[in-house]
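Data first, discussion second: the structure below is written as structure tokens.
The values are calculated or read from the model by the stated rules, or taken from the named source; none is laboratory data. Only a predicted model underlies this, so the values are computations on that prediction, with no experimental measurement involved. Quick reminder, even Gly has a Cβ in these numbers, built from the backbone with ideal geometry, and neighbours come from all protein chains shown. For the accessible areas, the whole protein counts, side chains as well, though only heavy atoms, and no ligand, DNA or RNA atoms are used. Shrake-Rupley method; radii C 1.70, N 1.55, O 1.52, S 1.80 Å.
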Amino acid sequence: MPEQRVPHSDGCVDLVALTLALLLSPLASATLVIRLAVYGGLSFHTAALLQSGLTLMLAMGTLAFAVNRRHNLYLLARTTDRGAVIWVLVACTLGALAATCLHRSDADDVIYVPKVLYLLAHPETRMDGLIPALAGNPMLSFPKAAATYYPTSYEFIQAVFAHATRTNFLTIYYVLAPCAAAIFGVLLIILNLRLLGQSARTAAICAALLIPLFLLMGESHRSFGNFTLVRIYQSKCAFIFTGIQAFIAASLLFFKEPGSSRWVALLVVVLAIAGVTTSALVMIPMLAIPLFVSWWCTESHHRVTTASIAYGLALLPVAAFALDYRRYALERAGFGSDLNAGFPSTFMDQIELVTGGLSFPPTFAAFALALGVCLYAWRTRQHAFLLLWTAITMALYLNPWSASGIIRFVTTENIYWRLFYLLPIPLTIGMVMGYGIARIGTDSKAGRLLPWVALLALGAAVTVVPTSVTRHGNGVRIAPPGLTLDAYAADARACLRFARPGAILAPISLAQDMALFSADHTLVMTRPDFMKNAFFKDPDEFNRRDRAAKFVTGEGDFAQDFADVLQREKPDTVITASAARVVAAPYLASAHYRQVALVGQWVVFDRAAMP
């Protein structure tokens, strides 16, 4: 089979690179605005105005760019394959539906959402390390090195939009942003497949087929299916699905013809994704090495030194942010810390986190099969590129010999398993699909019919295959777009109706959801690992609150801790499980609390005003 050539002219590739930079420039500016706000002591309102102004300027620049390049855009539109457009729409629609209609709640939201809600409710609040969702006097706080990621740039952009439009933030967080991130991620996969030599229609078909295939990769909580589209509302998952593809696209565009405009585009993309999650500070530099070396070995030996220096310079913002965050990470999130408790420190156990302990996990089975086809057709330059990328990644990072050192000194236990997503899993499988489609021919009768049959078959498999994300026991609920909340959300919302503004002591399962609904209440206790980090310098206080929360849940004889918390924190509202009502009643009565409501299995007590 003749080697496929990248179908873009240099002018068109420049257009693509600049378009990518313009689309991600609001996120890049948000990365910088957050740091200016945190270290400059700006209020959220001021930071939001600054971000809105920059976004407006970028929008005007984009419009001017479109007008200036209208001839190129018109020619591109005229020459676009209509079949490709249909498949692009299908792929984007499938991605958006998966992101918004497959609901899998996650307790990490209690870390990400409450501060944003508080900033929106109190926009004059300074963007610093304070943790307004937790009850404390004085208010608890994180170091400023961590504050730049609470909220992340992904969440900050959403908060600015909510502030400007008065839209409910949870609707943006759980519906609009995931939809946009999923569509953009699908388009980036199509772009990367195009840059690797596929035709527009073939790339779009492959992207559409990849969506249900991803949903079949749900063998564990951290497998590709469960950690991308199903949880793309969280910034770390948006980074895995969309951010990594954006960096790959910017890198490939730069490698194709290194130049100033493409370098600027690469720098903008790096800035955009560096602020999305702290995982990016580790993963982007580690991804850059196999990407560059694989390109150098398979694509070109021209201007390698200059290109490598320029490529490295574009990564400097990541290095700067990583050094800033390192001060916090070494103290609280390093190897063996409480934040990494429960995560294994050996290579084989890390694999088990991703595969769920399956001996034949579908994610790596499909990837291995795709690698086999690439090996069969290794003389094709793009296949050799993917093979080298995989080999270098595994040789440097994903093996038992280097894993222990990387876990200890680079990633920690909680990040290492994410390095498996540095492997070109979507692109390799997509390229192999494209290889088969190209051999059949997209214009033949079989080439027009088989992709639709394959899509229907994969869609049907999502409903029955035991490793699908929709399988029973995986916690995925299929429903129209809406809030992705757990089973306690309705009770939490109902209990809040009886709670006066102020501090609340409630069972942890209930408190975690309360934090997502109200900026007028603070919590004595919520998710334990988050609380342990907040009380890093006062572990005794954490233990006291933790035991008090267990007491009101009906777990353990921690009456003295409960009494101490009532005296020290004086929560305005106490909520107990029905099972703990009798044992808690004497302590509540002596502290002047009275029952005000019974909500399902929960009893709400209010502290009476003292004369």
If you go through THR80, THR100, THR93, the only one that is modelled with pLDDT of 95 or more, surrounded by fewer than 19 Cβ atoms within 10 Å (Cβ to Cβ), among the β-branched types (Val, Ile, Thr) and over 30 Å from GLU541 (Cβ atoms) is THR93
For GLY447, the lone unmet condition from (1) open to solvent by less than 30 Å² (accessible area, probe 1.4 Å); (2) in contact with a Leu (Cβ under 9 Å, 6 or more places away or on another chain); (3) assigned to a helix (DSSP H, G or I) is (2)
With criteria (1) within 30 Å of PHE367 (Cα to Cα); (2) of a type in the set (Phe, Trp, Tyr); (3) in a loop (DSSP other than H, G, I, E, B), PHE517 comes up short on (1)
Of the residues in the stretch 521-562, those that are hydrophobic (A, V, I, L, M, F, W, C), surrounded by 18 or more Cβ atoms within 10 Å (Cβ to Cβ) and outside any helix (DSSP H, G or I) number 5
Here the residues within the stretch 249-291 that are hydroxyl-bearing (Ser, Thr, Tyr) and either closer than 18 Å to ARG303 by Cα or out of contact with any helix residue (DSSP H, G or I) (no Cβ under 7 Å at 6 or more places or on another chain) (or both) are SER251, SER260, SER261
In the stretch 335-358, anything part of a loop (DSSP other than H, G, I, E, B), under 18 Å from LEU419 (Cα atoms) and open to solvent by less than 40 Å² (accessible area, probe 1.4 Å) is listed as PRO344
On the basis of being part of a helix (DSSP H, G or I) and surrounded by fewer than 22 Cβ atoms within 10 Å (Cβ to Cβ), does CYS206 make the cut? no
Reported set for the stretch 290-314 where residues are loosely packed, with under 15 Cβ neighbours inside 10 Å, in contact (Cβ under 8 Å) with a residue 24 or more places away in the chain and closer than 20 Å to LEU196 by Cβ is CYS297, SER300
The condition from (1) more than 21 Å from LEU119 (Cβ to Cβ); (2) surrounded by fewer than 23 Cβ atoms within 10 Å (Cβ to Cβ); (3) without any contact (Cβ under 8 Å) to a residue 12 or more places away in the chain; (4) of a type outside the set (S, T, N, Q) that ARG166 misses is numbered (1)
Check your understanding: Would the stretch 289-299 turn up any residue that is more than 16 Å from the chain's Cα centre (by Cα), more than 22 Å from CYS374 (Cα to Cα) and among the aliphatic types (A, V, I, L, M)?
Key -> no
Conditions (1) open to solvent by 50 Å² or more (accessible area, probe 1.4 Å); (2) in contact (Cβ under 8 Å) with a residue 60 or more places away in the chain; (3) under 25 Å from ASP106 (Cα atoms) -> TRP602 fails only (1)
Within the stretch 466-504, the residues that are of a type in the set (A, V, I, L, M, F, W, C) and either in a helix (DSSP H, G or I) or surrounded by fewer than 18 Cβ atoms within 10 Å (Cβ to Cβ) (or both) are ILE478, ALA479, LEU483, ALA487, ALA489, ALA490, ALA492, ALA494, CYS495, LEU496, PHE498
Expected single match for touching a residue at least 40 places away in the same chain (Cβ under 8 Å) and surrounded by fewer than 22 Cβ atoms within 10 Å (Cβ to Cβ) among PHE142, PHE156 is PHE142
In the stretch 242-279, residues that are of a type in the set (D, E, K, R) and surrounded by 23 or more Cβ atoms within 10 Å (Cβ to Cβ) total 1
